[in-house]
Amino acid sequence: MLLPFEPLSQLWGEPLLAPGSATPESFRSVSTDSRGDLDGALFVPLVGERFDGHRFLAGALAAGAAAAVVQRGRLAGDELAELMANGGRPIWLVDDTLVAYQQLALLWRRRLGLPVVAVTGSAGKTTTRELIKAALASLGPVVASSGNENNDVGAPLTLLKADETTAALVVEMGMRGLGEIERLSRCAEPDVAVITNIGTAHIGRLGSREAIGQAKGEITAGLGTDGVLVIPAGDPLLEHAVARVWGGRVVRVALEDELAGFPAEVPAADLVGRLEGPRLNLAGGPSLRLPLEGRHNARNLLLAVAVAQDLGVPAAALEHLTVELPGGRARRWRLGGVELLDETYNASPEAVLAALELLAANATDAEAGGRRYAVLGTMLELGERSLELHAQVAARARELGLDGLLIVAAGAEAQAMETAAAGLPRLQRAASP
């Protein structure tokens, strides 16, 4: 990275500078971590509920940081004067260092000028992010969010990881309330935005699926007028949320056998795939090997294909994608004679239902005594609908004809699941560890 000095003064005004000190022409990196490589870096001390990075400013400058950003009111006058005298490095005073960090990420994103894809949704964000990353690989090196880097700090961090060799960026955007995804979208200015679905994750915070739809629609805030929004077809609530905020191009995807059940008022799908065993056949296009099991992942793959097609990836490059997901998603483990399907990461009702469908779709050998059991815990942040949604997933386990269900939970949610699953051949309940 070579981030020039001059645009920063245009952003924040001239920096404080001790007499006789030299100003750098550019910075090698932007860092919020005083423990990392700070040689030639611009250090940005972030402030949280239980920490304040300003405590490490002097150490960061001593470790080689070329300049720093300081939030007004965080340092007393004598502390600031001592910092300048000892460090001899430029210091910009800003109203909010987190906003400054996001401004730096946007400045760098604009400087690189490469394609940026933003991804959000109630479920499937990370899986779709990784599928898009794989689908764009033929363009060159792709930088994508990792772990939980999908918030106010993680999204700019992802943008700042890119360099002149990067071919594309994929930025995951999560949220816990209204306004968060809008900030992230304005920080990333995506060329393509993807909404995987509108579900019930965080409904306890936002109150309704309509409010969740509004929050997810914020991903279009930074989307240019020539950009494209990619969504699954068939959901009137999603269509309504999108229509309120986006008047540009929309690409809709769907599995062929879903089309008949779509409401008449929803727009038609632009990209349709037909599931045939381990392959997804695109209407008028190639046949793709499914890199991940399950109908939900086939739908996520369609979203990734739509993104890749819009960014000019040839169809042949999509036929044999490989994806390595983070832990707790689409993992299979062999434990003696037991095969374990691990879908434990941050489960929402929609993710749990998809996992149950995948479990039910696995054929068993009755003669060998094969059985299918689900192990369910509690799902958080569901508010007033918590009991209803816990009952819904347990009832689905019963409807799918699973051989048993173990509920690892306590309290009203556990009771709701136990009642809804009544009738399963083997139904057990254990207290949370």
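What to note about this one:
- Of the residues ILE203, TRP246, PRO236, the one whose Cα sits farthest toward the positive end of the charge dipole of the stretch 194-300, with +1 on the Cβ of Lys and Arg and -1 on the Cβ of Asp and Glu, is ILE203.
- Computed over the stretch 331-430, the P(r) curve from all C-alpha pair distances, binned at 10 Å from the origin, holds 15, 51, 28, 5, 0 percent per bin.
- Per-residue ³J(HN,Hα) for the stretch 145-150, Karplus 6.51 cos²θ - 1.76 cosθ + 1.60, θ = phi - 60°, Hz, x for Gly and Pro: 4, 9, x, 9, 7, 10
- Stretch in the chain that is longest and holds no GluC sites (Glu not before Pro) that DSSP places in a loop and that have at most 12 other beta carbons within 10 Å: 50-163
- Rounded FRET efficiency, nearest 0.05, which uses the C-beta distance separating ALA76 from TYR345 and R0 of 45 Å: 0.55
- Under DSSP loop assignment and at most 15 Cβ neighbours within 10 Å, longest trypsin sites (Lys or Arg not before Pro)-free interval of the chain: 177-370
- Cut-off under 5 Å, modelled amide H: who pairs with ALA144 long-range: VAL170
- With the simple model of a label 7 Å out from the Cα in the direction of the Cβ, ASP163 to ARG371 spans 5.5 nm.
- Mean projection area, nm², convex hull over Cα of the chain: 24.1
- Residues TRP333, TRP12, TRP108 arranged by fewest to most Cβ contacts within 10 Å: TRP333, TRP12, TRP108
- Integer Hz, Karplus 6.51/-1.76/1.60 couplings in order for the stretch 350-355, x for Gly and Pro: 5, 5, 5, 4, 5, 5
- Scanning residues 5 or more positions from ARG429 or on other chains, those with amide H under 5 Å from its amide H are ILE407, with H placed 1.01 Å from N in the peptide plane.
- The magnitude of the dipole of the chain, with charges of +1 and -1 set on the Cβ of Lys/Arg and Asp/Glu and taken from the Cα centre, is near 460 debye.
- Cβ-based charge dipole, the stretch 90-217, positive-most Cα from GLY121, TRP92, GLY154: GLY121
Rule-based calculations on the coordinates, nothing more; no lab input. Computed from a predicted model, the values in this text were never measured in an experiment. Virtual Cβ from ideal backbone geometry, glycine too; neighbours counted across all protein chains shown.
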